[in-house]
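For reference, the structure is listed below as structure tokens.
Bear in mind these aren't lab numbers, they're just calculated from the coordinates by the rules spelled out. Remember, it's a predicted structure, so these values are computed and weren't measured experimentally. When we count neighbours, we look across all protein chains shown, and the Cβ atoms used for this are built from the backbone with ideal geometry, even at glycine.
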Amino acid sequence: MTANTPRASDGRTRPTPGQTSERSAPVIRSNEPGTFAWGVMAKRHPALIQQVRNAFPYGPRQHQALDALREQTTNGVIEPPDASEHDHDLWSAWGRDHFGQSWFDAPFLWAESYFYRKLLAALDYFGDGPWRGVDPFAPFKAAELSSAAVDEELEALDALAAEPADEQATALLHASLWGNRADLGFRVAAAEPAQGDTDTTDTGLVADDSALLWSLLPVRASATVAVVADNAGRELIPDLILIDHLLDRGHASHVVLHVKPYPYYVSDATTADVIDGLRRLVQAPGRAGEIGKRLWEAMGAGHLEVRTHAFFSAPLPYEEMPEDLRDEFEAATLTLFKGDLNYRRLVGDRLWDATTPFTDVTSYFPGAVAALRTLKSDVIVGLDEQTLSALERSGRAWRTSGTHALIQVRR
């Protein structure tokens, strides 16, 4: 993107003709019954509202607001934010083409994002009362973080320490990649697969640019790596362990971990979730505890920073990122995006031909970029014809079931 790329009045990059957003792949919407996007809007969101309702002793005000949100999103139309809300102007601009529409007719990425923003508003998360700042998803995150499954995964680090360095690097990269299956929101609907109902990483990895990823981060190169986090809890733990590996083995001298500014998409990581993850590591025995202590010290020394930006909770693709965030990514040696939502925003939430090159749809990005993603929605690019043909013949819902994953890199 050149220096004279036009900017919107709110500071967002305005794509010019010929850029990825102008291409012909249709935007994903939720208005076709039976599709994945329709299932999220029609089934997952109402189920989530009920789970959140049961997780806290909310009062009548919150219960009434949750009822109204459920009715509006399933049977009503999209309403603008209340004029008193702190981000009214932003969402009014973002939604000006969608207010008055059915939720199912709006772009899936936008509607899903606005649902979570409206959910927080219904719970007075941004208000001035006692529920201000109370994470409605905290009980789910805490239960997962304290689970026996996390204990087992941390214990496995002791045996991994005896393996050759390159095998450790591969194992930790794959742990971070497949940790995205722990997405709490993905497991809300009972019909979705349990954690055990997955392929192995050997058969489930549909694209693997890991060799290119490591080539961009040679040892002792004083690299800065930006990691854009996705989920908290059981996914964030292997992300933190991978970050420790990058710092401890000299693949990076500085890591910036970008998190959400407030709770978002059920399990998305915030600063509080990073601290909880670090404490979980520090308090663990063996190698996990050593990793936790190193990370704690790395934050104190400035080698690991946690940052956030309002754009991480925007209903927009990264192609429209504001200039200050673009500058941050441009300064990094490599920006690593974790998870499904970040992937949708990175390549555009569209029904691309799956063989569309990853390098083409991320050509706007200001530097080297990598995606570590477990597949849990329809959008995908960068597959070769042979892989795509085999996946299509399998008869599985490989795009949305969480049984497949990818590592894609553009230098």
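Gyration tensor analysis over the Cα atoms of the stretch 252-377 returns equivalent ellipsoid semi-axes of 28, 16, 15 Å (largest first, whole Å).
Calculated on the alpha-carbon coordinates, the convex hull of the stretch 228-310 measures out at 80 cubic angstrom per residue. With the biggest extent put first, the Cα atoms of the chain measure 58, 50, 45 Å across the principal axes. Extending 7 Å from the Cα toward the beta-carbon at both TRP296 and GLN72 defines two label points whose distance is 4.3 nm.
Residues whose amide H falls under 5 Å from that of ARG307, counting only those 5 or more places apart or on a different chain, are LEU257, HIS258, VAL259, with hydrogens built in the peptide plane.
Projecting label points 7 angstrom from Cα along Cα→Cβ for VAL27 and TRP214 puts them 4.1 nm apart. log₁₀ I(q)/I(0) of the stretch 41-184 at q = 0.15, 0.17, 0.18, 0.20 Å⁻¹, via Debye over equal Cα point scatterers, no solvent, to two decimals? Those come out to -0.85, -0.98, -1.05, -1.21, one per q.
Over every Cα atom in the stretch 303-350, the radius of gyration and the widest Cα-Cα span, Dmax, amount to 11.1, 37 Å. Computed from label points 7 Å out along Cα-Cβ, the spacing between ALA162 and ASP89 is 6.2 nm. Here's the list of lysines a cross-link from LYS141 could span, going by alpha-carbon distance under 17 Å and ignoring same-chain residues fewer than 8 apart: LYS260.
Take the Cβ-Cβ distance between GLN101 and ASP327 as r, set R0 to 30 Å, and report the resulting FRET efficiency rounded to the nearest 0.05.
0.30
Considering only C-alpha atoms, what is the centroid distance from the stretch 239-274 to the stretch 276-331, in Å? First find each Cα centre; the distance between them is then 3 Å. Among ALA223, ALA390, ALA331, which one shows the highest mean-square fluctuation when the chain is modelled as a Gaussian network with alpha-carbon springs under 10 Å? Checking each option, the largest mean-square fluctuation is seen for ALA390. Our estimate of slack between GLN283 and THR271, defined as 0.36 nm per intervening residue step minus the Cα-Cα distance, is 2.5 nm. Each helix, a run of at least 4 DSSP H residues, gives -39500 (n - 2.57); summed and divided by the residues of the chain, these come to -12000 deg cm²/dmol at 222 nm.
Anything over 19 Å Cα to Cα? Flag those among LYS43/LYS338; LYS338/LYS376; LYS43/LYS118, in the order listed.
LYS43/LYS338
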